[in-house]
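The values are calculated or read from the model by the stated rules, or taken from the named source; none is laboratory data. These numbers were taken from a predicted model, which means no experiment stands behind them. Because the Cβ atoms are built from the backbone with ideal geometry, glycine has one as well, and the counts that use them run over all protein chains shown.
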Amino acid sequence: SAVISQKPSRDICQRGTSLTIQCQVDSQVTMMFWYRQQPGQSLTLIATANQGSEATYESGFVIDKFPISRPNLTFSTLTVSNMSPEDSSIYLCSVGQGAGKTQYFGPGTRLLVL
Amino acid sequence: DQQVKQNSPSLSVQEGRISILNCDYTNSMFDYFLWYKKYPAEGPTFLISISSIKDKNEDGRFTVFLNKSAKHLSLHIVPSQPGDSAVYFCAASSMDSNYQLIWGAGTKLIIKP
């Protein structure tokens, strides 16, 4: 399976600021996803990061709040814009790879907004 | 509408015994089911999966059973070990999806020494 890294691993931010999270994969992958896991909750898909085109956002998530870049098949960024305390979550990137529609996840970015 | 349900928020099992985690689904178009394990402050780790054409898949201490008529699957861990203490997520994928998964709420498994 792909090896996935995320930066930063954690951050504490002030409300109203923005944070960009990077996701790097050690091999080329077509499907890359961004998730959020709020405290005590399940995984919520934010968007599918498409290489060379705009990301596909899930209901409740918009590009202005969560702009995503996917410049190539090994890298993507997610920006959390104009943050509020409600954005405090773990943000995860994942890739779809191999047989069986399996997704493999990065280690996550733990964000706390004060 | 929750298409994948894990009705037990938590489960406590004695070390060495069998852990059984359950998952129900409503969408008959799901054709692949996966189990993930998640420790706090880490990303989920893929454990085991099963295609809808099978009713059982085994990998070491982990076995997943699928009952399509009941729209139910379960993950058996035997014997349970302290390192198995984690949150377990059930996920499903439908025939027309492209690696997109529908997730259950998770079950926190606690292995008691």
So which of A:I63, A:I21 ends up being touching a strand residue (DSSP E or B) at 6+ places or on another chain (Cβ under 7 Å), over 23 Å from B:F33 (Cβ atoms) and surrounded by 21 or more Cβ atoms within 10 Å (Cβ to Cβ)? A:I21
Does A:S94 satisfy the criteria of being touching a strand residue (DSSP E or B) at 6+ places or on another chain (Cβ under 6 Å), free of Cβ contacts under 8 Å to residues at least 60 places away in the same chain and buried (at least 18 other Cβ atoms within 10 Å of the Cβ)? no
Scan of segment B:1-40 for residues that are farther than 13 Å from B:L75 by Cα and hydrophobic (A, V, I, L, M, F, W, C), ordered by number: B:V4, B:V13, B:M29, B:F30
Single match in B:N22, B:N67 (criterion: under 22 Å from A:Q41 (Cβ atoms) and more than 12 Å from chain A (Cβ to nearest Cβ)): B:N22
Condition broken by A:A49, with the remaining ones in (1) surrounded by fewer than 16 Cβ atoms within 10 Å (Cβ to Cβ); (2) over 23 Å from A:L114 (Cα atoms) satisfied: (1)
In segment A:98-109, which residues are outside any helix (DSSP H, G or I) and surrounded by 18 or more Cβ atoms within 10 Å (Cβ to Cβ)? A:T102, A:Q103, A:Y104, A:F105, A:G106, A:G108, A:T109
When (1) at the interface with chain A (Cβ under 9 Å from one of its Cβ atoms); (2) out of contact with any strand residue (DSSP E or B) (no Cβ under 6 Å at 6 or more places or on another chain); (3) assigned to a strand (DSSP E or B) are applied to B:S49, the one that fails is (2)
Residues that are free of Cβ contacts under 8 Å to residues at least 60 places away in the same chain, in contact with a strand residue (DSSP E or B) (Cβ under 6 Å, 6 or more places away or on another chain), away from every other protein chain (no Cβ under 11 Å) and of a type in the set (F, W, Y): does segment B:77-95 have at least one? no
For segment A:66-114, what are the residues that are within 14 Å of another protein chain (Cβ to nearest Cβ) and of a type in the set (D, E, K, R)? A:K101, A:R110
Subset of segment A:9-60 [without any contact (Cβ under 8 Å) to a residue 40 or more places away in the chain and aromatic (F, W, Y)]: A:Y57
Consider A:S88 against the criteria (1) closer than 29 Å to B:N7 by Cβ; (2) at pLDDT 95 or above; (3) crowded, with 21+ Cβ neighbours inside 10 Å; (4) not acidic (D, E): it satisfies all of them except one. Which criterion is unmet? (3)
